[in-house]
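Notes follow once the structure below has been shown.
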Amino acid sequence: MTSKTETPAGPGWRQEITRVQWLVLFGTTMGWALDGFAGSLYALVLGPAMTELLPNSGIDVDSAHIGLYGGMTVALFLAGWATGGILFGVLADYFGRVRVLSIGILTYALFTALAAFADTWWQLGILRFIAGLGSGVEAPVGAALVAEVWKNKYRARACGVMMSGYAGGFFIAALAYSMLSSQGWRFMLVLAVVPAFLVWFLRRYVPEPEEIKNVISTRKARKSRGIQRPEDQFVLRRLLAPPNLRATLICTALATGSLLAFWSVSTWYPQIIRNMSSAESLSTDIANHRVAISSMLFNAGGILGYATWGFLADAIGRRKAFLVSFVVSGLSIAYLFPFEHSYTTYLIVIPIVGFGLFGALSGNFVYGPEMFSPSMRASGIALANSIGRYITAAGPLVAGVIATSWFGGNLGVATAVLASTGIIALVGLYFAPETRDAALPTDPHHQHHADSTAPAPTTTVKGTPA
């Protein structure tokens, strides 16, 4: 029988939401924002960076080579992100959320900044891979942390607000680029060290959720007594076997489709704008300004998509909210990228693209915590999204390759073709259970029966085992 989230009827949200909940939301939102800031800076300077580094690597500079080798560095970052997501997600389920989150933030901040000192494209690629390892921690661990602390009717909305931080970081990066791009791409990457300072706040003010502390302590207690329960199996093994495999597959399909569409678009629209400006014989400064403005609008739409998804999901349900995001992003991409348009048209449509794409990503981290119990929540969210990122890692690279080999260098058509693979998410949505109003899944008897070996029932969410 499905348990329901209690909905207090008394005081308003100001009285229901505690100081600790606000601190957790602020810390995780800022961490995700600064992650987006660092990631977006790289997308904005990808073209200039490749233009400088390819000759040092013995490679001629042209649109095709920028697409190919630039795509490789993005692919390496995404592969690192996927690997780091699984690694840190598992660690967060065994050692706690806040400590692991802090280590990940330091990793991506420092190695993104170190990329400013690369001399060749492959050096840049290696540093981007390591930065990706740390970048993978923020969303799955942050989403688990917010969901476990915001255990009231505002949980989905809080997760959505947290996710909006990423688009907010993209917006800040675009603003910084519009003002400081003349300082060069290396200077811009050094700015990515800023997130490292957030670690102090996290360690001082953000507490570990009681739920995961209990899971960790009871697991240790059972181990010290030589007791083995089903939930003590290695977490990835549990996620890939019944009854949890179904939830893993559903979340993986949703994440993979959303990520394929997002990274295909977000990696290459800056270069598409540059190519358009070059065709109009405009100066590099004007091209950079156009990229910055387009990026700010893309991410302004993204902030709305991210932040409103939880509210929409509470109003119409998780499944319908996903469908809204998929339809909006699909139609706007199909209109904008395969065809020639004016710069003004890009300015009008790109925020709509951002709204749909970012909204779908937000949904994955609102929905994910509702599909897994605490002992495997961070790992489950991370595994689903990391599998998606491994598949997605080829997207930016393939876009550059097929633009050259199939479409005469037309990145717009190539981007639209790659983004269309996001239809995978619709397969996941078909099988996805509705989790609106359902309480978060729990581990069987994890609080009071650490010394028991008797099997316990598994909590379910709308018919899907947790």
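The values are calculated or read from the model by the stated rules, or taken from the named source; none is laboratory data. All values reported here derive from a predicted model rather than from experimental measurement. Cβ: placed from backbone, ideal geometry, glycine included. Neighbour counts: every protein chain shown. Protein only, heavy atoms only, side chains kept; ligands, DNA and RNA dropped before computing areas. Shrake-Rupley method; radii C 1.70, N 1.55, O 1.52, S 1.80 Å.
Here are some notes:
- Derived scalar couplings ³J(HN,Hα) [the stretch 421-437; Karplus, 6.51 cos²θ - 1.76 cosθ + 1.60; whole Hz; x for Gly, Pro]: 5, x, 4, 3, 4, 5, 5, x, 5, 4, 9, 6, x, 7, 10, 4, 6
- Sorting 73-82, 121-130, 340-349, 357-366 by average packing, meaning the other beta carbons within 10 Å per residue, from highest down gives 357-366, 73-82, 121-130, 340-349.
- Amide H contacts under 5 Å for A438, placed H, 5+ residues apart: T5
- Heavy atoms of the protein chains alone define the surface here; on that basis the chain has 38 Å² accessible area per residue at 1.4 Å probe size.
- Here the stretch 18-69 has 64 percent of its accessible surface on carbon and sulfur atoms, given a 1.4 Å probe and all protein chains in place.
- Cα Rg, Dmax (largest Cα-Cα span) when computed across the stretch 151-249, Å: 21.1, 63
- Of the residues Y269, V235, F170, the one whose Cα sits farthest towards the positive end of the charge dipole of the chain is V235 (charges of +1 on Lys and Arg Cβ, -1 on Asp and Glu Cβ, taken about the Cα centre).
- CD proxy at 222 nm, helix term only [per DSSP H run n ≥ 4: -39500 (n - 2.57); per residue of the chain; nearest 500]: -24500 deg cm²/dmol
- When only alpha carbons are used to place a centre, the stretch 234-300 and the stretch 47-90 end up 14 Å from one another.
- All Cα-Cα distances of the stretch 247-316, cut into 5 Å bins from zero to the largest, leave 3, 14, 15, 18, 17, 11, 9, 6, 4, 2, 0 percent in each bin in turn.
- The HN-Hα couplings worked out from phi for the stretch 282-293 by the Karplus form 6.51 cos²θ - 1.76 cosθ + 1.60 (θ = phi - 60°) are 8, 6, 4, 4, 5, 4, 4, 5, 5, 4, 5, 5 Hz, whole numbers, x standing for Gly and Pro.
- Counting Lys and Arg as +1 and Asp and Glu as -1 over every other residue whose Cβ lies under 15 Å from the Cβ of T344, the net charge comes to -1.
- The stretch 147-202 versus the stretch 318-347: alpha-carbon centroid distance in Å: 24
- Only aspartates and glutamates eight or more places from K153 in sequence, or on another chain, were considered; those with a Cα closer than 20 Å are E6, E16, E210, E211, D314, E370, E434, D437.
- Accessible surface of the stretch 275-396 [probe 1.4 Å, protein heavy atoms]: carbon and sulfur percent: 70
- Projecting the Cα atoms of Y343, A196, A113 onto the charge dipole of the chain, computed from C-beta unit charges around the Cα centre, puts A196 farthest toward the positive end.
- Each peptide in 137-143, 288-294, 30-36, 203-209 was scored by the mean count of other Cβ atoms within 10 Å over its residues; highest first, the order is 137-143, 30-36, 288-294, 203-209.
- Couplings for the stretch 235-248, taken from phi via the Karplus curve 6.51 cos²θ - 1.76 cosθ + 1.60 with θ = phi - 60°, read 4, 5, 5, 5, 5, 9, 10, x, x, 8, 4, 4, 4, 4 Hz in order; Gly and Pro are left as x.
- At 0.692 mPa s and 37 °C, Stokes diffusion of the stretch 155-195 via Kirkwood alpha-carbon radius, µm² per second: 284
- Sorting 307-319, 431-443 by their mean Cβ neighbour count within 10 Å, with the most densely packed peptide first, gives 307-319, 431-443.
- Percent accessible area from carbon and sulfur atoms, the stretch 180-247, protein chains only, probe 1.4 Å: 60
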